[in-house]
1. Of all residues being farther than 12 Å from Met311 by Cβ and either within 16 Å of the ligand (Cβ to nearest atom) or acidic (Asp, Glu) (or both) in region 352-375, which is surrounded by the most Cβ atoms within 10 Å (Cβ to Cβ)? Just the residue, please.
2. Please go through region 181-202 and pick out each residue that is surrounded by fewer than 23 Cβ atoms within 10 Å (Cβ to Cβ) and without any contact (Cβ under 8 Å) to a residue 40 or more places away in the chain.
3. Taking strands (runs of 3 or more DSSP E) that fall entirely within region 194-303, which contain at least 1 residues that are within 16 Å of the ligand (Cβ to nearest atom), out of contact with any Phe, Trp or Tyr (no Cβ under 8 Å at 6 or more places or on another chain) and more than 30 Å from Ala352 (Cα to Cα)?
4. Residue check: is Thr181 part of a strand (DSSP E or B), of a type in the set (S, T, N, Q) and at negative phi?
5. Got a sec? Which strands (runs of 3 or more DSSP E) wholly within region 16-84 have at least 3 residues that are within 24 Å of the chain's Cα centre (by Cα) and without any contact (Cβ under 8 Å) to a residue 60 or more places away in the chain?
6. Tell me the residue from Ala357, Ala321 that is more than 17 Å from Val5 (Cα to Cα) and assigned to a strand (DSSP E or B), please.
7. Which condition from (1) in contact with a helix residue (DSSP H, G or I) (Cβ under 9 Å, 6 or more places away or on another chain); (2) surrounded by fewer than 24 Cβ atoms within 10 Å (Cβ to Cβ); (3) within 30 Å of Gly319 (Cα to Cα); (4) not acidic (Asp, Glu) is the one that Leu251 breaks?
8. Return a yes/no flag: does region 130-139 have any residue that is of a type in the set (A, V, I, L, M), assigned to a strand (DSSP E or B) and closer than 27 Å to Gly223 by Cα.
Amino acid sequence: MDSLVIDGGIPLNGEIRVSGAKNAALPILCAGILTAGSLQVRNVPHLRDVTTMLTLLTQMGMEVSLDEHLGVCLSAAALHNRVAPYELVKTMRASILVLGPLLARFGEARVSLPGGCAIGLRPVDQHIKGLEAMGATISIDSGYIHARAERLRGQHIVFDLVTVTGTENLMMAAALADGLTLLDNAAREPEVVDLAECLNAMGARITGQGTGSIRIEGVANLGGASHRVMPDRIETGTFLAAAAATGGEILLKDARVDLLEAVVDKLREAGAFIESGPDWIRLRAQGRPRSVNARTAPYPAFPTDMQAQFMALNSVALGTAVMTETVFENRFMHVQELIRLGAEIEVEGNTAIIRGAGGLSGATVMATDLRASAGLVIAGLVAAGTTVVDRVYHLDRGYECIEEKLSKLGARIRRQRN
Ligand code: EPU
């Protein structure tokens, strides 16, 4: 298993390009199932989760070709296998996103239940309830969700809670359903909007994306299209938090500030100076950041996917911060590892109290999930001495060339192949 070795204490400085968004690319690749035409997806990040998704789609009979400009061309004309096997689903929960499209286009899907996960239970009951309301017959046997339907019917669905992939799955299913579907209490995340725009380019009739109420008029067929994936707002936020924590100055290109206002507000509160244009963000920080409180919640509030990175920033900040995680019930696994680096953190239920420490010192730490790893990398960039972040495969799931990008910003970081 690879590790990242970081010699900390250097402020980040320089410019890099932000990649396409993982959590937009994954559902958009699944949207390829909905058409017999060809879907060209551009700005696809080169990540392990994307490779896993392409493996799954290929196993189903999807024709996949890649071009040298991060473009993926998909054709589901000859899709013959409607199964998402446990071996793939257990490594990537986003595989559940094939359920809605398979059912809508082929009337049948068998998708493994994802099982537990390092950040919480993460059930998929909202996906299942919504598809059942649209007329699907769903049974669970041998660990698999088995769904069948003649043609899905449009329906008014009110989610019990805000779910990103739940909204995406039902939006894709409803695009080919008979009649009108209204999704209320829908996720407003920018990745949902990006998917809706791709579906509309394919001929879907979706309005209201980006609000809590999405309206989908089902159509009989969808066609091919070309779509460019939005920039990754969490990658953007991660680099900004790293620059703020190290007291550096960075310019991010292909980045959109309007997608992460809650994060930018917090960085300003922490003392960073931020400027932006339509496709760039510059952050300048000096010395230690100030502590900032944050409470995670669905978009447009502060994202759960930035909680670990801000926990690292708060660990070295001036003052005491309170951070509350409301989206996932078990997303504080990085706390014990940050404590190993010298952070002072107490956890009570879903709240962490972080007393900014004067300095962290390097140690070997182990990551449990993608964003936890990003938090540990930020802590390692600030810590004195050498930090080794084990289990880099978590980072490879969601950060494209992270060590190359950080090296470009002046960090002393290298990958060690164990
Ligand atoms: N939930 C249910 N029932 C459901 C669906 C969700 O109870 O049927 C609960 C979950 O257990 C959780 C909450 O609702 O407590 C929100 O979960 P959501 O469904 O929104 O999460 P997700 O769609 O599985 C996506 C991202 C995550 C991100 C969350 C929250 C993708 C592929 N994944 O997950 O990204 O943290 O939304 O914003 O879009 C990551 O990139 O590191 C990551 C984990």
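Since every read-out is calculated from the coordinates, none of them should be taken as a lab result. Model, not experiment: these values are computed from the prediction. Note that each Cβ is placed from the backbone with ideal geometry, even for glycine, and that neighbours are counted across all protein chains shown.
1. Only one residue tops the list, namely Ser373.
2. Result: Leu182, Asp184, Asn185, Val193, Glu197, Asn200, Ala201.
3. On the way: elements: 205-207, 213-217, 225-228, 249-253, 273-277, 280-284.
In region 194-303, the matching strands (runs of 3 or more DSSP E) lie at 213-217.
4. Details: part of a strand (DSSP E or B): yes; of a type in the set (S, T, N, Q): yes; at negative phi: yes.
Judged against the criteria, Thr181 is a match.
5. Details: elements: 38-42, 63-66, 72-75.
By residue number, 63-66, 72-75.
6. Values: Ala357 fails: assigned to a strand (DSSP E or B).
It is Ala321.
7. (1)
8. The initial filter retains those residues of region 130-139 that are of a type in the set (A, V, I, L, M), namely 131, 133-134, 136, 138.
This time we only want the ones that are assigned to a strand (DSSP E or B), so: 138.
When the remaining residues are screened for being closer than 27 Å to Gly223 by Cα, the result is none.
No - not one qualifying residue is present in region 130-139.
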